[in-house]
């Protein structure tokens, strides 16, 4: 009676193995059902890694770190330091335990980054980090979700319960809409039926995206299916089987990329799906080759660099508790591995300087930078937080 | 009449699919559950109640005894509770089951726990037999955050709140969870019976609340219920004193 999937899970328990083979294209799935942008096979499947605009020197690196509480559960103190010569040096935030930076999930520049800190109750506090001297912070704004995105004018889209709230730069609400609900359906996992099923109309925002035209998109999921909605233009398309979305990003050409587990496939590896934002069409599906075949996977990120295209970063621990890390670079058809130290951290950020910054988790108070031109990865002593703390977010703006 | 005929035809088709999948060994028989009310086909049958708000902990006394399970090697019947995320893709679960488990064929009702998050596939652990014909405590409790892995720590308890509990999970997504309690089975003909008394509790930031109508109103929350049509209930009480007794029919 034991399913194949369960047998695989048990057989591989105790060993983390990020398999790095078979990183090729899986399918060319064509238009998603219900797409309003027209049918036909997408034509952007064979592009090379995005190389859009030259990198510019970094202006400031903001490091957010926490001092763990002496015993759990308790609030942790959160600090923000900007190096060098930044605008928010020494700001101290309290009563927050987990910090996730909203990814600057587009290659184009962002005038404002939104830092979110989460207290242990899971409520979000949004703090605007200004650039070029225009610093500001707005703390204490709570929400029941962790997903938001900053617009070019400094406004904010965020999910609050079953709705999406639109805020202006001073955090005044200017709009409210329902979360676009994906199609209901019986759940599947790794190609096998499970008892998971989602009630109709349930859905949550997995990611917000901003296209090159400035439109804001919501990528929603209900655990079984997904939806891509252009919130600016009021258009949407269904994304069948986009049920477990880990992250998304965009490039300057109007393509979006979604990191997810394809619930229709009998595989345990994560895939990257390509979407055409303007046409609201799905494109090629690429297998990262990264999966959880034992041990633990602590985090996995999809990143967009300016000169080196798509990146996937995965970190976890093996059965013995030793940290493992894998950085992959998309070559247009598959993923190549970039060597990084195993204990670099569980999270990654790409800066406007096109470097990859690795931090958090086993990285402790350290920030490791990766130069993709040379392949060199090293701890940056200037960015390191005090001993005993944990870096939770890095902005390079 | 046409509707009935169509419904029966649909049920027959679904049954045929079920039989086929069982024959090929493809059907999933896991104890984890995410199934709010849905008219769509799911492999398992269930009755349950759940909240709309998020909580740090959930505590219940389940009457633990021996439901009739036709084939202990392939089928199960259980009671469980599990805080979960809104999409249901992440949860921590604890309860008792009788019948099939991936690590054990439970001739007598036994403890089990399950975890899944957005990067970790379904994991189930099976444990020793539960005390029979008595109320046994079950609890899922958020206890902290692991900065080395960036995951929330949840501990589950069964029969005793003594540390270190039944098992400790780390979950990437579940800082708080929507509460859910109920029963589930994976086959027609099995009994699905449960009694959750004398207390059924929800916790926020260290404070426990009785899961009652009054508490729901106080917390601005609502309790939702669902009994799949396949579950014929002979007795069903909700909220703090949650009881059900039924048999699954085709």
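The values are calculated or read from the model by the stated rules, or taken from the named source; none is laboratory data. Predicted model, so just to flag it, every value in this text is computed and none were measured. All Cβ positions, glycine included, derive from the backbone under ideal geometry; neighbour counts span all protein chains shown.
Taking residue B:184, is it at pLDDT below 90 and within 26 Å of residue B:125 (Cα to Cα)? Answer is yes for this residue. Just to be sure I understand, how many residues within segment B:230-243 are part of a loop (DSSP other than H, G, I, E, B) and more than 12 Å from residue B:48 (Cβ to Cβ)? Looking only at that region, the number is 4. For residue B:222, the conditions (1) modelled with pLDDT of 85 or more; (2) in contact with a helix residue (DSSP H, G or I) (Cβ under 9 Å, 6 or more places away or on another chain); (3) buried (at least 17 other Cβ atoms within 10 Å of the Cβ) all hold with the exception of (3). Looking at this structure, is residue B:120 touching a helix residue (DSSP H, G or I) at 6+ places or on another chain (Cβ under 7 Å), within 11 Å of another protein chain (Cβ to nearest Cβ), part of a loop (DSSP other than H, G, I, E, B) and buried (at least 19 other Cβ atoms within 10 Å of the Cβ)? Taking the combined requirement at face value, the residue does not satisfy it. The residues of segment A:303-324 that are within 13 Å of another protein chain (Cβ to nearest Cβ) and in a strand (DSSP E or B), listed by number, are A:312, A:313, A:314, A:315, A:316, A:317, A:323, A:324. Have a look at B:162, B:179, B:158 and point out the one that is more than 20 Å from residue A:223 (Cα to Cα), away from every other protein chain (no Cβ under 11 Å) and crowded, with 24+ Cβ neighbours inside 10 Å. The match here is B:158. The condition (being out of contact with any strand residue (DSSP E or B) (no Cβ under 7 Å at 6 or more places or on another chain), at negative phi and more than 14 Å from every other protein chain (Cβ to nearest Cβ)) is satisfied by just one residue among B:218, B:132, B:191, B:128: B:218.
Looking at this structure, is residue A:184 surrounded by fewer than 22 Cβ atoms within 10 Å (Cβ to Cβ), farther than 14 Å from residue A:240 by Cβ and either within 14 Å of chain B (Cβ to nearest Cβ) or at pLDDT below 85 (or both)? Taking the combined requirement at face value, the residue does not satisfy it. Checking each residue in segment B:54-78 for being more than 9 Å from every other protein chain (Cβ to nearest Cβ), more than 16 Å from the chain's Cα centre (by Cα) and more than 22 Å from residue B:128 (Cα to Cα) picks out only B:55. Filtering segment B:79-106 to residues that are part of a strand (DSSP E or B) and away from every other protein chain (no Cβ under 11 Å) leaves B:79, B:80, B:81, B:92, B:93, B:94, B:95, B:96, B:97, B:98, B:104, B:106. Please return the ranges of strands (runs of 3 or more DSSP E) entirely within segment B:177-229 where 1 or more residues are farther than 23 Å from residue B:115 by Cα. By residue number, B:191-204, B:207-210, B:223-227. Per the listing B:185, B:212, B:223, the residue uniquely in contact (Cβ under 8 Å) with a residue 40 or more places away in the chain and away from every other protein chain (no Cβ under 14 Å) is B:223. Considering A:234, A:175, the condition of being more than 12 Å from chain B (Cβ to nearest Cβ), within 18 Å of residue A:279 (Cα to Cα), surrounded by fewer than 22 Cβ atoms within 10 Å (Cβ to Cβ) and modelled with pLDDT of 85 or more is satisfied by A:234 alone. If you go through segment A:327-357 and keep only what is in a loop (DSSP other than H, G, I, E, B), modelled with pLDDT of 95 or more and surrounded by fewer than 22 Cβ atoms within 10 Å (Cβ to Cβ), you end up with A:339, A:340, A:341, A:342, A:343. Among the residues of segment A:256-315, how many are touching a helix residue (DSSP H, G or I) at 6+ places or on another chain (Cβ under 9 Å), over 22 Å from residue B:148 (Cα atoms) and at pLDDT 90 or above? Qualifying residue count, segment A:256-315: 0.
Does segment B:146-154 contain any residue that is assigned to a strand (DSSP E or B), more than 14 Å from chain A (Cβ to nearest Cβ) and within 19 Å of the chain's Cα centre (by Cα)? No - not one qualifying residue is present in segment B:146-154.
Here residue B:106 passes the criteria (1) within 24 Å of residue B:225 (Cβ to Cβ); (2) crowded, with 23+ Cβ neighbours inside 10 Å except the one numbered (1).
Scanning segment B:200-247 for residues that are over 19 Å from residue B:81 (Cα atoms) and within 16 Å of the chain's Cα centre (by Cα) yields nothing.
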